[in-house]
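Taking it in order: structure first as structure tokens, then the write-up.
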Amino acid sequence: MSSSAIASLPGFRDLTPRECAVRNYVFAAWRGAAARAGFVEWEGPTLESTDLYRKKSGDEIIGQLFHFTDKGEREVALRPELTPTLARIVAARHRDFKKPLKWFQIGPCFRYEAPQKGRLREFYQWNADILGEASPAADAELIALGIEALRSLGFTSDDFAVRLSDRALWDRFLKTAGIEADRTTVFLQLIDKWEKDPPAVMDVKLQALGTSREAVAAFMVSAREEPGPLGPVIDDLTARGLGGFVRIDPGIVRGLAYYTGTVFEFFSLRAGARAIAGGGRYDHLVSTLSDGAVSMPAAGFGMGDVVLGNLLEETPGPCARLHEALAAAAALDVWVVVADEERRADALRLLQDLRGRGLRADLVLAAAKVGRQFQAAEAAGARTAVVVGAEWPVLKVKHLAQREEVTTDRDGVWATLAQWMEIGQPVG
Ligand code: HAM
């Protein structure tokens, strides 16, 4: 690369066809799981008014905004997440839809974070949310959806777990410890860093709030043993046969400011991995963003493609499944070999006919030796080849893996391919 070449920005990705294929494979798993659970797709704008995030996302995300003033002097930001957009849309349009809403979305998000393993500045997120249902059954339905998506990619309970908590647990603790309600956010931010901050530093910060590391640790142990407000969610997931994926962990408090009850994160069981997904209940956000005009209970989660993509490549079972799917998605059905340039026009006609019938068909675009054309067929993963040569209208159809060969005419080509590929004749 010359020194004047312009590289991509830090934290932004160039996706080559293979990387796009992996992304599409993940999207298909997300979309499939959502559809199987009755969720419908929605989308919002990539650029929003900066105020939308200032209102409720919390300091951490505000500090990570890609924001600027547009030519109309508006303060705008690339979306770091979808939840505020969703709450805004639902506040404005909820009368048009039957409750509860089960909505999902897949698209890019932008956060100015330090790029590192599992964290980029542009990433894709899958959001699934249920609005208009206050029951813990909605929380369980969402967690079950996330589990199903990961299972459909080949992950098992050996690979990941869902850590579940409820902000109400900490409200109880704060009350008992006599800590004022206005210190809640500061306190929860400390708990969020529980595993990251050195114990001594943590203790000093907690003492400043009127408690101690010891008291918090003791509370965490007792909360793990007593499901409390999380009982119904755990019972629901257990009834679905998914209890083995879930564990209570009061250390999960979530960085975002709008959560009001259940909070959860999907974690890889591999050491050092970041969260695959996170979410929870945010019963007041619709009301906050509509200045109290609409109140609607809500819960949801976001799953990113970066940590998940790393895990897919690193976990043997899901990785084998990925490679199989990529090979199947990339493979061509038939390669048209032009053995005699005099017959290129006939070969092109045949090619278009095969594509028109729904087969994935290709050829070498410029004149080339027959051997090179077969090499190209192999490289493209073509299952069969049709050789168009001097014998026209007699053609050879070859099954490349089974090394079978049939000599036939134009009509016979389709019949042979249909038989080998176990596809039906087109109607009419
Ligand atoms: P979040 O925990 O900020 O939640 O993000 C959810 C997931 O998005 C994370 O677990 C991670 O997989 C992915 N993610 C976040 N930031 C990055 C990054 N910089 N690079 C790569 N992946 C990232 C939310 O965004 C909530 N709005 C989720 C939600 C939906 N809550 C309710 N509904």
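The values are calculated or read from the model by the stated rules, or taken from the named source; none is laboratory data. Here the structure is a predicted model, which means the values were calculated and not measured. Heads up, the Cβs are rebuilt from the backbone with ideal geometry, glycines too, and the neighbour counts pull from every protein chain shown. Ligands, DNA and RNA are excluded from the accessible area calculation, which covers all protein heavy atoms including side chains. Shrake-Rupley method; radii C 1.70, N 1.55, O 1.52, S 1.80 Å.
Just a few scattered comments:
- Taken over segment 268-284, the residue count meeting the criterion of being near the ligand (Cβ under 9 Å from one of its atoms), at pLDDT 95 or above and of a type outside the set (Gly, Ala, Ser) is 3.
- All of 354, 348 fail the test of being farther than 30 Å from residue 150 by Cβ and open to solvent by 30 Å² or more (accessible area, probe 1.4 Å), apart from 348.
- Residue in segment 132-140 that is under 30 Å from residue 222 (Cα atoms), of a type outside the set (A, V, I, L, M, F, W, C), more than 15 Å from the ligand (Cβ to nearest atom) and not in a helix (DSSP H, G or I) present: yes
- Pairs are defined by a Cβ separation below 6 Å, a sequence spacing of at least 6 or placement on different chains, a first member in segment 95-110 that is over 16 Å from residue 141 (Cβ atoms), and a second member that is outside any strand (DSSP E or B) and open to solvent by 60 Å² or more (accessible area, probe 1.4 Å); the pairs so defined are 105/43.
- Residue in segment 198-218 that is exposed (fewer than 14 other Cβ atoms within 10 Å of the Cβ), at pLDDT below 90 and assigned by TED's automatic domain parsing to the domain that holds residue 303 present: no
- Residue in segment 45-66 that is farthest from the chain's Cα centre (by Cα), counting only those that are over 24 Å from residue 189 (Cα atoms) and away from the ligand (no atom under 16 Å from the Cβ): 49
Residue by residue, here is whether (1) within 30 Å of residue 21 (Cα to Cα); (2) away from the ligand (no atom under 16 Å from the Cβ) holds:
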site	(1), (2)
223	no, yes
231	no, yes
250	no, yes
257	no, no
260	no, no
295	no, yes
301	yes, no
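- Out of 213, 183, 240, 224, one residue alone is closer than 29 Å to residue 146 by Cα and without any contact (Cβ under 8 Å) to a residue 40 or more places away in the chain. It is 224.
- Counting only residues that are surrounded by fewer than 17 Cβ atoms within 10 Å (Cβ to Cβ) and either more than 24 Å from the chain's Cα centre (by Cα) or under 18 Å from residue 89 (Cβ atoms) (or both), segment 289-329 holds 5 of them.
- Strands (runs of 3 or more DSSP E) within segment 291-365 that include 1 or more residues not assigned by TED's automatic domain parsing to the domain that holds residue 141: 334-338, 361-363
- Residue check, residue 110 surrounded by fewer than 21 Cβ atoms within 10 Å (Cβ to Cβ) and of a type in the set (Phe, Trp, Tyr): no
- Counted residues, segment 339-371 - those being more than 13 Å from residue 386 (Cα to Cα), of a type in the set (Gly, Ala, Ser) and in contact with a helix residue (DSSP H, G or I) (Cβ under 9 Å, 6 or more places away or on another chain): 2
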